[in-house]
1. Quick check on Asp162: is it under 14 Å from the mean Cα position of the chain (by Cα) and charged (D, E, K, R)?
2. Condition test on Asp142, is it in contact (Cβ under 8 Å) with a residue 40 or more places away in the chain, under 25 Å from Ala59 (Cα atoms) and charged (D, E, K, R)?
3. With the condition kept exactly as written, say whether any residue in the stretch 141-156 is more than 15 Å from the chain's Cα centre (by Cα) and within 26 Å of Arg198 (Cα to Cα).
4. Which numbered condition trips up Arg78, out of (1) modelled with pLDDT under 95; (2) surrounded by 15 or more Cβ atoms within 10 Å (Cβ to Cβ)?
5. If you go through the stretch 91-103 one residue at a time, how many are assigned to a helix (DSSP H, G or I) and either of a type in the set (Phe, Trp, Tyr) or on the phi > 0 side of the Ramachandran plot (or both)?
6. Of all residues in the stretch 51-63, which are assigned to a helix (DSSP H, G or I) and either of a type in the set (Ser, Thr, Tyr) or under 15 Å from the mean Cα position of the chain (by Cα) (or both)?
7. So Glu167 clears everything in (1) of a type in the set (Asp, Glu); (2) within 21 Å of Gly67 (Cβ to Cβ); (3) crowded, with 21+ Cβ neighbours inside 10 Å except one condition, right? Which one?
8. Restricting to the stretch 170-201, and then to whatever is outside any helix (DSSP H, G or I) and under 18 Å from the mean Cα position of the chain (by Cα), can you tell me which residue is surrounded by the most Cβ atoms within 10 Å (Cβ to Cβ)?
Amino acid sequence: MLLQHALDCALESNDRILQGKVQNNTGILEHAVGAYEAAIQCFEAARRIREGLGYRRGAAINLHNIGDTWIRLDDPGRAWAAFSDSRAMAERLGWRRGMVMNDLFLAYLELRRAGWGSAQQSRLLTRQQQLIAEAHALGDADTGVTGRLLLARMMRGAGYFDGAARELSAALDEAGRLDARVLARDLRLEQAALAAARPVDGLHHLADAGTEAAR
């Protein structure tokens, strides 16, 4: 594998910067193919290298990637810890984009923890929309699309099926413009989950209840 060859070369030359970059890119590849345990190992290795080098923004990105991977492994507790640590590091750096990309996931996890239909639901749905708008204002379209995926997942859990469908459709259009193939794949998987969760026509009024508040 080319990445393994690159890592071997980096180790041989004792190039710590390249080692961190290769470990992170390998983690991204493992994550994309669903090898999540291997991805976490790579992201952790990259984080340790980058923290040792003082490259704190890179370490914050690795922590964020670890949190995303723990979500895939359905471990919200560890995901929350990783996103919180990444967010705190981004705040210390004054890196607003890093704060936003973590806040999107933290809002999703907070609603998941509070429970669908909780008193926090309306606030967190609105918060998610504000964060998506901020990501776009910062020029971070990829994070904006990821935010819409998470918003659609939140809306599906809350029973706002029509709103979730609109978010996914818009996000897929944007992912196509960005040529973000892994994101597009995840969006299509969420569309399938939404289709399976939709109520039968006789109960379809549940899908629209409160949709205006969630927009």
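1. Details: under 14 Å from the mean Cα position of the chain (by Cα): no; charged (D, E, K, R): yes.
So Asp162 fails the test.
2. Details: in contact (Cβ under 8 Å) with a residue 40 or more places away in the chain: yes; under 25 Å from Ala59 (Cα atoms): yes; charged (D, E, K, R): yes.
Here the answer is yes, as Asp142 does meet what is asked.
3. In the first step, residues of the stretch 141-156 are kept if they are more than 15 Å from the chain's Cα centre (by Cα); the result is 155-156.
Filter once more, so that each one left must be within 26 Å of Arg198 (Cα to Cα): 155-156.
Yes, that holds for at least one residue.
4. (1)
5. Just the residues of the stretch 91-103 that are assigned to a helix (DSSP H, G or I), to begin with: 91-93, 96-103.
Then drop every residue that is not either of a type in the set (Phe, Trp, Tyr) or on the phi > 0 side of the Ramachandran plot (or both), which leaves none.
Matching residues across the stretch 91-103 total 0.
6. Within the stretch 51-63, Ala60, Ile61, Asn62, Leu63 meet the criteria.
7. Failing condition for Glu167: (2).
8. Narrowing the stretch 170-201 to residues outside any helix (DSSP H, G or I): 179-180, 198-200.
Within this subset, residues satisfying the condition of being under 18 Å from the mean Cα position of the chain (by Cα) are 179-180.
Values: Asp179: 8, Ala180: 19.
If we take residues in the stretch 170-201 being outside any helix (DSSP H, G or I) and under 18 Å from the mean Cα position of the chain (by Cα), then Ala180 is surrounded by the most Cβ atoms within 10 Å (Cβ to Cβ).
The values are calculated or read from the model by the stated rules, or taken from the named source; none is laboratory data. From a predicted model like this one, the values you see are computed outputs, not experimental measurements. In this analysis, Cβ positions are derived from the backbone assuming ideal geometry, glycine residues included, and neighbour counts consider all displayed protein chains.
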